[in-house]
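Written out below as structure tokens is the structure these notes cover.
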Amino acid sequence: MFKGTVINERIQAAVPSVVRGRLLEIDPDGTLIVIGDAADRKQYYCDYLWVDRAASAPLIPGCQVLFVPPQDGSDRGCVLGVVGRYVRVTEENHSTQERVRSSSETPRERVIEIAADEKLTLQCGESSIVLSGDGSVIIRGTRIVSRSKGINRIKGAAVQIN
């Protein structure tokens with residue numbers, strides 16, 4: 001064996017492998033549960049490498065990530081970031097919604113599902129949307145606008161306006 005080959009093998013053994021995977025879920029304690037790519041379908045428990053919170057794409061279950069699996073007997077790997085097309089952050093697209101769209105690979109992954117058995121509330125300032133398990137939906141706000149390019153319908157057993 002040549003001396004150069006031995007050095008290359010030592011370097012390869014010392015450098016951890018970076019793997020593509022998919023984020024399955026985020027535990028309440030912040031642990032990321034990642035599944036490896038097609039060749040490696042194992043689940044890994046990972047931490048997250050914080051580089052710049054403002055510029056980072058949000059971690060959403062289902063998104064593709066690059067991660068380093070646990071090394072040398074460690075029980076945790078490390079997610080390095082979200083894989084997706086780069087979007088330059090500007091004043092116009094600074095919202096999380098724009099960054100969520102840019103981090104997805106296929107239209108199927110652009111769906112975000114949030115589920116609750118009894119009640120789900122989305123609130124921002126004085127506005128809110130409340131979804132209840134019994135099927136009722138309550139929308140509150142200081143100003144509510146409904147726009148449609150087609151027919152804008154209000155349907156119900158009875159409709160009361162004012």
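When Pro28, Pro61, Pro16, Pro70 are checked against the criterion of being in contact with an Asp or Glu (Cβ under 8 Å, 6 or more places away or on another chain) and either outside any strand (DSSP E or B) or at pLDDT below 75 (or both), a single residue qualifies: Pro61. Assess whether Ser104 counts as being among the hydroxyl-bearing types (Ser, Thr, Tyr) and at pLDDT 75 or above. Judged against the criteria, Ser104 is not a match.
Pairs linking a residue in region 134-161 that is within 20 Å of Gln123 (Cβ to Cβ) and surrounded by 10 or more Cβ atoms within 10 Å (Cβ to Cβ) to a residue that is modelled with pLDDT of 85 or more and of a type outside the set (Ser, Thr, Tyr), with Cβ atoms under 7 Å and 6 or more positions apart or on different chains, are Ile138/Val130; Ile139/Ile129; Gly141/Glu126. Quick one: would you say Ser148 is touching a Lys or Arg at 6+ places or on another chain (Cβ under 6 Å) and hydroxyl-bearing (Ser, Thr, Tyr)? So Ser148 does not fit the description; no.
Which condition does Glu98 not pass, out of (1) surrounded by 13 or more Cβ atoms within 10 Å (Cβ to Cβ); (2) modelled with pLDDT of 65 or more, if it passes all the others? Here Glu98 meets the rest and fails (2).
Exactly one residue out of Ile151, Ile139 is modelled with pLDDT of 85 or more and assigned to a strand (DSSP E or B), and it is Ile139. Scanning region 121-145 for residues that are closer than 22 Å to Gly156 by Cα, aliphatic (A, V, I, L, M) and under 25 Å from the mean Cα position of the chain (by Cα) yields Ile129, Val130, Leu131.
Scanning region 114-132 for residues that are surrounded by 13 or more Cβ atoms within 10 Å (Cβ to Cβ) and closer than 15 Å to Ile144 by Cβ yields Ser127, Ser128, Ile129, Val130.
The values are calculated or read from the model by the stated rules, or taken from the named source; none is laboratory data. Being a predicted model, the structure only gives us computed values, none of them experimental. Methodologically, a virtual Cβ is constructed for each residue, glycine included, from the backbone with ideal geometry; neighbour enumeration extends over all protein chains shown.
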